[in-house]
1. Which of the strands (runs of 3 or more DSSP E) contained wholly in segment B:142-257 include at least 1 residues that are crowded, with 22+ Cβ neighbours inside 10 Å, within 14 Å of another protein chain (Cβ to nearest Cβ) and in contact (Cβ under 8 Å) with a residue 24 or more places away in the chain?
2. Against the conditions (1) under 22 Å from residue B:5 (Cα atoms); (2) within 14 Å of chain A (Cβ to nearest Cβ); (3) touching a helix residue (DSSP H, G or I) at 6+ places or on another chain (Cβ under 6 Å), where does residue B:137 fall short? Just the number, please.
3. Scan segment B:105-130 residue by residue and report those that are within 7 Å of chain A (Cβ to nearest Cβ), more than 19 Å from residue A:170 (Cβ to Cβ) and not in a helix (DSSP H, G or I).
4. I want to confirm something. Restricting to segment B:84-104 and keeping residues that are touching a helix residue (DSSP H, G or I) at 6+ places or on another chain (Cβ under 6 Å) and either not in a helix (DSSP H, G or I) or not assigned by TED's automatic domain parsing to the domain that holds residue B:140 (or both), which single residue is nearest to residue B:223 (Cα to Cα)?
5. With respect to residue A:315, is the statement that it is farther than 30 Å from residue A:17 by Cα and either in contact with a helix residue (DSSP H, G or I) (Cβ under 7 Å, 6 or more places away or on another chain) or in a helix (DSSP H, G or I) (or both) true?
6. Residue check, residue A:248 against (1) surrounded by 22 or more Cβ atoms within 10 Å (Cβ to Cβ); (2) within 14 Å of chain B (Cβ to nearest Cβ); (3) in contact with a helix residue (DSSP H, G or I) (Cβ under 7 Å, 6 or more places away or on another chain), all met but one. Which one?
7. Filter segment C:13-32 for residues that are within 12 Å of chain B (Cβ to nearest Cβ) and within 14 Å of residue C:75 (Cβ to Cβ) and give the result.
8. Against the conditions (1) more than 10 Å from chain B (Cβ to nearest Cβ); (2) farther than 29 Å from residue A:37 by Cβ; (3) in contact with a helix residue (DSSP H, G or I) (Cβ under 9 Å, 6 or more places away or on another chain); (4) not in a helix (DSSP H, G or I), where does residue A:177 fall short? Just the number, please.
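The values are calculated or read from the model by the stated rules, or taken from the named source; none is laboratory data. Remember, it's a predicted structure, so these values are computed and weren't measured experimentally. FYI the Cβ positions are ideal-geometry reconstructions off the backbone, even for glycines, and counts take in every protein chain you see.
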């Protein structure tokens with residue numbers, strides 16, 4: 001059993017950049033990706049801000065290194081772009097050199113196509129090459145699309161636990177390596193903007209009509225985003241001689257078991273997930289230098305998460321911020337996108353600010369970091385991701401010690 | 001890695017729920033889309049909770065509930081389920097409302113319940129179970145991923161009992177959509193004739209099957225799960241055989257040790273040849289059975305086969321409804337009375353020839 | 001007012017899928033949430049849409065629902081006062 005999980009590559013695409021370098025530049029320049037919707041038509045496009053990747057599906061196809069006849073769903077294309085960057089950055093020349101798997105995550109899968117074509121699917125008079133998108137509706141389809149493009153064959157799976165999905169794909173991938181079933185796993189997730197999700201969250205009345213304000217007393221809700229991220233996890237054997245970006249040193253999953261959508265007021269599930277994550281490598285709360293919070297900007301999440309953090313850290317909360325005001329809430333992809341940000345934080349000893357924060361919440365002991373902080377050594381980052389259905393997950397990324 | 005199958009709850013197109021019977025009678029559906037025989041849910045859910053729930057959620061709660069009782073487990077240490085399509089009925093309902101009302105006057109209930117993890121989440125919510133909770137959504141690997149996670153979780157040492165399950169539902173509209181890309185047959189085929197069909201496509205199915213996997217044998221144990229392997233888009237029969245050999249040899253077995261093989265034969269002339277190749281060559285000495293004529297084809301049909309294999313071992317009998325033609329070569333009879341012991345059972349299943357899976361179960 | 005109360009009862013039963021209930025089972029003054037009918041926050045969102053769709057009344061802040069949805073009667077009074 002390989003005890004350590006090394007991260008050797010990463011790739012990301014979201015509203016703040018098409019790759020890791022662009023994303024890092026936006027994070028450093030406090031450049032939010034939240035704006036108005038361009039790429040899909042919606043009745044809400046003028047009054048509900050979102051964080052969209054500013055590229056059409058055709059442009060994404062080219063960006064993914066494909067020809068236009070190889071086009072797929074937006075979810076699959078975003079995923080492939082990030083996965084290719086991750087594989088490239090890990091310096092993988094021969095994907096078959098080690099037993100390699102892919103674990104992806106998504107909440108909407110191919111819904112972006114389904115919602116446009118549903119009536120045509122049901123109309124047997126109509127036909128066309130678009131019929132191929134019927135199969136692409138399934139969540140697993142984008143994973144197989146990415147796997148086929150990369151030549152990954154040894155193990156494939158896809159996870160959907162709402163907004164914690166890609167934290168769980170990272171966790172599952174790490175465990176597959178620890179059990180000796182794989183040497184290398186490309187883990188992450190992808191989700192695209194759809195009318196389905198915009199309208200869904202709108203019915204819950206939790207979408208902010210302005211840029212979201214995580215952990216602010218006057219927060220009004222979240223902004224939806226889209227994007228994808230993948231990181232490459234390797235065993236000691238596979239990572240030998242490579243540059244190690246960071247180690248995955250903890251992971252925890254639990255269920256809040258409180259309500260189908262809302263988090264419990266005391267954040268019991270969140271607390272358990274963070275506690276489990278610390279336990280994996282025997283870390284203490286005081287070892288954590290920075291928390292990349294789930295921090296969606298909804299009234300309920302930020303209070304629940306903040307309360308759990310206050311309890312776990314006995315009100316000695318380290319530097320903390322939510323980066324959702326940059327990327328929007330990218331649902332199934334948010335955990336891995338924030339994993340990439342956490343690794344960047346370690347690599348550059350930088351804490352990215354919690355944008356749009358003004359007024360502190362009186363229920364919480366801490367205030368998030370609101371300016372770009374550089375210079376403090378960041379060894380361990382805790383990253384939280386929570387979702388509908390009470391799914392709560394926490395990950396810990398650590399500096400690689402030679 | 002291994003786990004004891006200590007409890008089962010299954011709702012399917014056959015009479016499998018709330019009974020010890022093992023397919024003594026076959027329910028003929030006269031349909032190209034087999035739907036589950038559903039119980040009354042009053043016993044499992046209070047009406048205030050049930051009023052919002054779509055069929056698949058109720059099936060999931062009822063089947064898991066019976067499964068826990070069967071295993072005499074109150075709260076599992078982990079919940080992991082597989083579903084390719086999630087809560088299809090609610091997804092469709094919300095999608096239709098968006099299209100028909102042009103994004104106006106939408107209500108949240110069907111959206112909330114459309115997320116793929118709703119069934120796992122509702123099981124946890126009913127039990128107030130705050131433990132590990134996962135939902136796998138990878139086509140023909142959905143249930144298989146949940147089972148592997150279950151075995152890994154038991155091997156990690158802290159969990160004693162985990163719930164693994166597979167669930168998918170079919171709707172009238174989604175059937176019509178999938179029918180457009182050749183998933184299903186044009187003609188209706190009688191249940192026991194499906195295996196002889198020479199046309200393309202299969203029949204649609206659905207189901208919700210849950211199992212308690214435990215780290216120790218108990219009074220209720222059905223069988224021991226000794227391993228699982230998935231094979232993605234195999235290029236040849238040799239590749240399939242070498243993966244099966246890996247699984248068998250890691251358990252000190254060879255093909256000759258397998259008493260019964262449960263094949264995912266679904267009457268689709270395009271894909272059944274893989275099964276027949278295994279049956280006539282690699283497993284030529286094993287008794288051959290099949291199951292998809294009873295539950296239909298769906299991404300998590302492996303969970304129905306998992307029930308079949310568990311029952312084969314526990315009852316030490318093979319119902320005639322699943323026996324393939326002339327393959328009583330090892331002396332089994334349909335009632336098992338004079339048969340040899342059923343010690344080792346292997347399941348071989350694929351979804352659309354792309355996602356292949358192998359499960360190994362043994363008597364214990 | 002009685003006619004409106006009766007109408008609202010029917011609409012609520014339908015919208016919230018309260019299959020086992022008849023109009024006469026619902027007391028116009030009984031609390032809708034918690035004890036009384038046992039409705040929850042998701043039902044509150046359903047009721048907000050019901051008012052918008054059937055009576056053209058928009059409630060922008062879900063927190064306002066608490067007061068309006070105390071009972072069928074408070075709901076009817078609100079509809080009467082704000083109907084377009």
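1. Details: elements: B:161-168, B:207-214, B:223-232.
Of the strands (runs of 3 or more DSSP E) lying wholly inside segment B:142-257, those with at least 1 residues that are crowded, with 22+ Cβ neighbours inside 10 Å, within 14 Å of another protein chain (Cβ to nearest Cβ) and in contact (Cβ under 8 Å) with a residue 24 or more places away in the chain span B:161-168, B:223-232.
2. (1)
3. B:106, B:107, B:108, B:115, B:128, B:129, B:130
4. Ranking the candidates gives B:84 first.
5. Numbers: farther than 30 Å from residue A:17 by Cα: yes; either in contact with a helix residue (DSSP H, G or I) (Cβ under 7 Å, 6 or more places away or on another chain) or in a helix (DSSP H, G or I) (or both): no.
The answer is no for residue A:315.
6. With (1) surrounded by 22 or more Cβ atoms within 10 Å (Cβ to Cβ); (2) within 14 Å of chain B (Cβ to nearest Cβ); (3) in contact with a helix residue (DSSP H, G or I) (Cβ under 7 Å, 6 or more places away or on another chain) applied to residue A:248, the lone miss is (2).
7. First pass over segment C:13-32, keeping only residues within 12 Å of chain B (Cβ to nearest Cβ): C:13-21.
Residues satisfying the conditions are C:13, C:15, C:16.
8. Single failed check for residue A:177: (4).
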